[in-house]
Every structure is written in structure tokens, then in C-alpha cells.
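A short worksheet on the structure shown next.
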Amino acid sequence: QVQLVESGGGLVQAGGSLRLSCAASGSTSSINVITWHRQAPGNQRELVATITNGGSTNYADSVKGRFTISRDNAKNTVYLQMTSLKPEDTAIYYCHAFTVSRSYWGQGTQVTVSS
């Protein structure tokens, strides 16, 4: 079992920055990939960023150049550094961990960007 806890969300003005954290516990050695997703009201959940065990990263076109995903293996934590935030980035942000057998979701953290 893997447990994920997101933190770091909040209210920020357009152009500002936030850093989200996803702290993993439990069978963390079984995790292969961690992704960040977001879901705005009335929208489907969308993939924002991916990081593999090897450190490879990938981003949605809408956040490329503004968001950076990283990991601290010693702390079992994955981060999403978000800069140049826009009102359309407003959403609940979730982290998602993949193992060989299944995946796990965190409870989400709200990010609100005011114009």
C-alpha cells in the first residue's frame, strides 16, 4: 500500500508561484512513476506532469516552461514548482503514484489563481 499526501496549495495572484508537495509513505520502493494531475470545476482531470524513477520528466503543453516536477528520494516527496501562474491554472491538484500492480491517488490540494 502507498499513501500520498499533497500540500502547498493556496490562493495566489496571476504571475505568482507556488510549490506543491506530494509526500509518499508505505511501500514507496514499489513506486515507478509519479504524476501530477489537475481538475477544474466542470472539467475532466488532466495530466500535468510526470516523473519516473530514473528522473525523466514530461509536461502538458499548457504548463511547459512554467511548471517543474522534481523528486527528493530521501524524503519520498515529489514537488511541482509552478511559476507564472494563470487564472486557468485554478484547479484541485492531485498526485498519482504507479506501481506494477496498481495506482494510488492523493486527496488533492486546491490551487486558486486570481486575476
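The values are calculated or read from the model by the stated rules, or taken from the named source; none is laboratory data. None of the values given here were measured: they were computed from a predicted structure. When we count neighbours, we look across all protein chains shown, and the Cβ atoms used for this are built from the backbone with ideal geometry, even at glycine. The area values use the complete protein model at the heavy-atom level, side chains included, leaving out ligands, DNA and RNA. Shrake-Rupley method; radii C 1.70, N 1.55, O 1.52, S 1.80 Å.
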Between V5 and D72, the two model label points (7 Å from Cα along the beta-carbon direction) sit apart by a distance in nm of 1.5
Accessible area per residue, Å², the chain with all protein chains present, probe 1.4 Å:
51
For the stretch 24-115, what is the charge dipole size about the Cα centre, in debye to the nearest 20, if Lys and Arg each add +1 at the Cβ and Asp and Glu each add -1 at the Cβ?
100
How much of the accessible area of the stretch 1-93, probe 1.4 Å, is carbon plus sulfur, in whole percent?
47
From a point 7 Å beyond the Cα of T112 in the direction of its Cβ, which residues of the stretch 69-95 have a backbone N at a distance under 18 Å?
85-94
Given springs between every Cα pair under 10 Å in a Gaussian network model of the chain, which of S17, S101, S29 has the largest fluctuation?
S101
With the dipole of the chain defined by +1 on each Lys or Arg Cβ and -1 on each Asp or Glu Cβ, the option from P41, L85, N58 whose Cα lies farthest towards the positive pole is N58
Here FRET efficiency (C-beta to C-beta, T52 to K86, R₀ 35 Å, nearest 0.05) is 0.80
In the calculated pair distance distribution of the chain, what percentage of Cα-Cα distances lie above 19 Å?
40
With contacts defined as alpha carbon pairs under 8 Å and 6 or more residues apart, what's the relative contact order of the stretch 5-115 in percent?
37
